[in-house]
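Engineer: Below you will find the structure I want to go over with you.
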Amino acid sequence: MQYNFVVLLGDIKQISAEMVIILTIVVIMLMDILAPRGDKTLLAYISLGGTLLAALVCCTWNGVEQSIFSGALVVDRFAFFFKLMLFTITALTQLMSINYVKLRNINRGEFHALVLFATLGMLIMVSGADLLSIYLGLELNAIACCVLVAFLRQNVKSNEAALKYFVLSLFSSGILLYGISLVYGVTGEINIYKIARYLSGQQNVSHPMLHLGLVLLVVGFGFKVAYVPFHMWVPDVYEGAPISVAAFLSLGPKAAGFAVLVRIVMVAVFTLKVEWSILFSLLAVVTMTLGNLTALCQENIRRLLAYSGIAHVGYMLMGLVAAANYPQLGITSVIFYLLCYVFFNIGPFGIIILLCNKHKICEFIGDFDGLSVRSPLSAFVMTIFLLSLAGIPPMVGFVAKFLIFMAAMKAELYWLVAIGIINSAIAMFYYLRIVVAMYVRAPKPGLKINASPSLTIALAIMVGFTLLMGIYPALFIGFARYSIATLL
Amino acid sequence: MIHLFFLMFSLIAVIASWRVVAAKHIIHAVLWLVVTFFSTACLFVMLGAEFLAAIQILVYAGAIIILYVFAIMLVNVKDLDIKAHFHKHRRLAKLLGLVIFAELGLVFLQRFTFLQAKGPLAVQQAEWGGNSEVIGRLLYTDYILPFELASIILLVAIIGAVVLAITQEKRA
């Protein structure tokens, strides 16, 4: 098809949500220069407004599924689902940042712009239909996130975390590119749908070079999604980065990475499902077990959340393994897990921000001693998040885990389910440890709540959704099922 | 004949990039990097991508290497004892490197068949008559999105560098 101006305009109309984000960035950067000494809080509100506007624009999508920019991107239900999720993550991060950046003296226009840049990268990743645009989205996200991690310039830990993140993301990009080049070498295509078409036309798809390319792709995305053994950066980065950035990183890149992985393994190389299901089942076992066992002996809540996040990725991988035999059920369980994970995983970071003031950050379990006496409400909210993370029945975490285990059972992966259940039991211990500290121990002097309206709103949204999804999960499961209907 | 040249240049590239990693002196590493870039450029010429080869030499072997040399000059490298930090894991790293290298070798030796069909670029090159013309047209039509994305990435990199390098004003 001849590519002309009219087609280009039509394509741009399809990515109007991304265009809104770019325009917001431009406005923020311009206003940052025009008001050099003023208060930057206005910029934070502008960036939040831009995100909400983009989400609204995204919702006006008319349901037509098509590939745009000569197959570089695709607009479909799957991308729509993940885009809404990413806008939620970004909006929550921005709400949590408004007061926190003032507290840590990093209230600068660039901070708000970089959060949007990182979001833009992830938006490209989730709707990317060829490996080139996926890679560019990933790189955009990685560079923006790296600067965000380093934002506390006076803090040694922040610098260390940023350097680790930078070096490892470069390294993983190299591996990813090598994988892409091998896949291209075998199939002659970089478009996911064309790769699928080429492979389905082949008699024998078991080409060693393709296997190697797939393994390298899995390794490259492994750094983003953070499964063992590519998880080394996670605890250090969560500990060193500004807390709201850590909350952002704990979900955004993970969700985007999973979206890309699902698209690649379910569409491009579905013909190799025997091979990748073995690979992912091994990764799932190692990730769950190592994540949970290491989380057991953490005193720092941020490191604990990092390791628990790694363990949760292990459960999600289990769903992906099940998807080899039962695509519908497996992928629904994975993306539903991601969706509810958004609310109850960012939540604890919000509570940590709630407890920090200018001089001290309460990030150790000991700092939470007797929180229920000082502030019953925040202790209660934290308990809801922790119980959801642990997956205790009335909470949504249970429903999500149940779906994953059910999918795995149906795919007859009994050994994997057994390991998963043992791991959930182990995980119960370290989540409940924080609950015990909050409710049983005597309060420490100097524990103060530093609530701001924006943070309160963010926490209220997260608690609200965690409870709503726990009470009425069918609505959200239905949405997840709807979003993958045309992908598989 | 063409296979011989291909083997020669790729061998040079591989050996030079090994030397980049193994060089004791950081300036030597940079110089070996120049060799790697040049042999890669030669490979591009052999594939009929003259424009890419020229860019490879101009941008990488030219601009980027100069940047590296400046960076090394500004940072006093003598103070850094690079070797001591990595000595602990040296054996393990060598072993793992060898394993991966052997795996790659096995994969490539097993079936040394590449796609015989010419890519879309070569076809259009014949049609539009020229290397840079094709790249220019493709960049502004089929690959417009990746092209614009790359420019956004550069913008982020600039903003990031400014954020990290700028002196923070002191506030009470």
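Engineer: What is the fewest-to-most order of A:Val440, A:Val321 by other Cβ atoms lying within 10 Å of their Cβ?
Structural biologist: The order, fewest Cβ neighbours first, is A:Val440, A:Val321.
Engineer: Place a +1 charge on the Cβ of each Lys and Arg in the protein assembly as shown and a -1 charge on the Cβ of each Asp and Glu, then give the dipole magnitude about the Cα centre in debye, rounded to the nearest 20.
Structural biologist: So the dipole magnitude of the protein assembly as shown works out to roughly 1560 debye.
Engineer: For segment A:409-420, what does the Karplus curve 6.51 cos²θ - 1.76 cosθ + 1.60, with θ = phi - 60°, yield as ³J(HN,Hα) per residue in whole Hz, taken in order and with x for Gly and Pro?
Structural biologist: 3J(HN,Hα) across segment A:409-420, in whole Hz: 5, 5, 7, 6, 9, 4, 5, 5, 4, 4, 5, x.
Engineer: Continuing with the same structure: If Lys and Arg each add +1 and Asp and Glu each add -1, what is the summed charge of the other residues whose beta carbon sits under 12 Å from the beta carbon of A:Ala268?
Structural biologist: Here the count lands on +2.
Engineer: Still on this model: Can you find, among A:Val64, A:Thr332, B:Leu96, the residue farthest towards the positive end of the dipole of the protein assembly as shown? Put +1 on the C-beta of Lys and Arg, -1 on that of Asp and Glu.
Structural biologist: Selected residue: B:Leu96.
Engineer: Over segment A:386-440, what relative contact order in percent results from Cα pairs under 8 Å that are six or more residues apart?
Structural biologist: 35 percent
Engineer: For a protection proxy built on the mean count of beta-carbon atoms within 10 angstrom, sort A:463-471, A:395-403 highest first, please.
Structural biologist: Ranking, from highest mean packing down: A:395-403, A:463-471.
Engineer: Still on this structure: Given a Förster radius of 41 Å and the C-beta distance between B:Met1 and A:Ser173 as r, what FRET efficiency does 1/(1 + (r/R0)^6) yield to the nearest 0.05?
Structural biologist: Result of the calculation: an efficiency of 0.70.
Engineer: Can you find, among A:Tyr184, A:Phe479, A:Phe343, the residue farthest towards the positive end of the dipole of chain A? Put +1 on the C-beta of Lys and Arg, -1 on that of Asp and Glu.
Structural biologist: Comparing the listed Cα positions along the dipole, A:Phe343 ranks first.
Engineer: Given points 7 Å out from each Cα along the Cα-Cβ axis, report the B:Ile72 to B:Val21 separation in nanometres with one decimal.
Structural biologist: 1.9 nm
Engineer: Taking loop as defined by DSSP and a crowding limit of 13 other beta carbons within 10 Å, which GluC sites (Glu not before Pro) in segment A:233-318 fit?
Structural biologist: Listed in order of number, the matching sites are A:Glu299.
Engineer: Considering amide H positions built from the backbone, and no H for Pro or chain starts, which residues 5 or more places from A:Leu73, or on another chain, come under 5 Å of its amide H?
Structural biologist: When sequence neighbours closer than 5 places are left aside, the close amide H contacts are A:Ile68, A:Ala129.
Engineer: Another question about this same structure. Give me the dipole magnitude in Debye, nearest 20, for segment A:26-91 about the Cα centre, with unit charges on the beta carbon: positive for Lys and Arg, negative for Asp and Glu.
Structural biologist: So the dipole magnitude of segment A:26-91 works out to roughly 100 debye.
Engineer: With each label point set 7 Å from Cα along the Cα-Cβ vector, what nm distance links B:Ala157 and A:Met19?
Structural biologist: Label at B:Ala157, label at A:Met19, 2.8 nm between them.
Engineer: Cα atoms only: what Rg and Dmax, in Å, come out for chain A?
Structural biologist: Expressed in Å, the Cα Rg and Dmax of chain A come to 21.7, 72.
Engineer: Helix-derived [θ] at 222 nm for the protein assembly as shown: sum -39500 (n - 2.57) over DSSP H runs of at least 4, divide by residue count, nearest 500?
Structural biologist: After summing the helix terms and dividing by the residues of the protein assembly as shown, the value is -25000 deg cm²/dmol.
Engineer: Can you list which of the trypsin sites (Lys or Arg not before Pro) found in segment A:324-384 are DSSP loop residues with at most 14 other C-beta atoms within 10 Å?
Structural biologist: A:Lys358, A:Lys360
Engineer: Using R₀ = 30 Å, calculate the FRET efficiency as 1/(1 + (r/R₀)^6) where r is the Cβ-Cβ separation of A:Lys273 and B:Phe101; round to 0.05.
Structural biologist: Result of the calculation: an efficiency of 0.55.
Engineer: Another question, then. For chain A, what is the relative contact order in percent, using Cα pairs closer than 8 Å and at least 6 residues apart in sequence?
Structural biologist: Taking the mean separation of contacting Cα pairs over the length of chain A, I get 15 percent.
Engineer: Putting +1 on Lys and Arg Cβ atoms and -1 on Asp and Glu Cβ atoms, find which of A:Leu387, A:Gly397, A:Gly319 reaches farthest to the positive end of the dipole of segment A:270-488.
Structural biologist: In segment A:270-488, that residue is A:Leu387.
Every number here is computed from the coordinates shown, using simple stated rules; none is lab data. Here the structure is a predicted model, which means the values were calculated and not measured. Counting neighbours? That spans all protein chains shown, and the Cβs are built from the backbone with ideal geometry, glycine included.
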